[in-house]
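S.K.: Quick one: the structure is below, questions incoming.
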Amino acid sequence: GGERLCPPQVSVLYFARSAELAGLRRETLRVPRQVTALQLWEEIVSVHPRLAVIRDQVVFAVRQEYVLLGDQLLVLQPGDEVAIIPPISGG
């Protein structure tokens with residue numbers, strides 16, 4: 001048969017408040033290969049529902065590039081690092 005495209009495993013890194021809410025600093029998740037930033041956030045929140053409270057404040061860093069939560073399509077490769085960067089300044 002043909003090659004089955006299995007979803008890539010990416011490393012999700014949690015910083016600052018997101019690490020407190022998720023209760024860990026890093027994990028590996030299987031996510032869709034093509035996903036919008038917002039869908040990716042929803043995937044992560046489904047694993048860690050407490051993260052929902054910082055949704056309006058976070059940005060992603062994918063391969064060291066900042067990505068706002070929105071309709072921007074991400075094409076993820078196995079082993080990519082997705083960092084969750086909450087607001088750095090307490091407000």
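S.K.: Could you tell me which of 9, 41, 72 has its Cα farthest along the dipole of the chain towards the positive end, charges placed at Cβ (Lys, Arg +1; Asp, Glu -1), taken about the Cα centre?
M.R.: In the chain, that residue is 9.
S.K.: Counting only C-alpha contacts under 8 Å and six or more residues apart, can you give the relative contact order of region 1-76 as a whole percent?
M.R.: RCO, region 1-76: 32 percent.
S.K.: What residue among 27, 42, 81 shows peak mean-square fluctuation when the chain is described by a Gaussian network model with Cα springs under 10 Å?
M.R.: Result: 27 has the largest fluctuation of those listed.
S.K.: Okay, next question. Which trypsin sites (Lys or Arg not before Pro) does the chain hold that lie in a coil by DSSP with at most 10 other beta carbons within 10 Å?
M.R.: Passing sites in the chain are 4.
A short reminder: the numbers here are calculations on the coordinates, not readings from a lab. Keep in mind that this is a model prediction, so the values were computed, not measured. So basically every Cβ, Gly included, is an ideal-geometry build from the backbone, and we count neighbours across all protein chains shown.
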